[in-house]
Amino acid sequence: MNDKILEGLSAQFSQVINTLNSGAELPGQQQIRSFLQSALSKMDLVTRDEFDAQSAVLARTREKVEQMEKVLADLESHLNTQTGTISETDKDIAKDDVKEAN
């Protein structure tokens with residue numbers, strides 16, 4: 001957007017805010033307020049507190065998922081190691097059995 005347009009809008013907005021702060025009622029102010037309340041009520045908005053609370057829950061959940069992924073990887077690794085050890089042990093026992101049979 002053009003900087004001059006933004007400056008103009010900013011100046012007009014500042015004037016409106018200053019007028020509202022002085023307690024004066026602008027023409028159509030009630031209609032604008034009603035329109036904005038109606039439009040905002042149709043939107044699915046949350047308060048900042050609710051958003052922050054859900055963000056914290058999400059962060060904790062992500063941490064737990066990462067921890068569980070690490071535990072799962074460790075368990076899988078341990079299981080693969082045990083399975084490999086058992087297989088080698090079974091091979092050694094089988095070799096001993098063959099030697100004893102001969």
Label-point separation in nm, SER10 to ARG62, each point 7 Å along Cα→Cβ: 3.3
Once you have the Cα-Cα distance between MET43 and HIS78, take 0.36 nm times their residue separation minus that, and quote the gain in nm to one decimal. 7.5 nm
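FYI, it's all coordinate maths here, none of it is from the lab. Since the structure is predicted, the reported quantities are computational estimates derived from the model, not experimental observations. Glycine also receives a Cβ, built like all others from the backbone with ideal geometry; neighbour counts cover every protein chain displayed.
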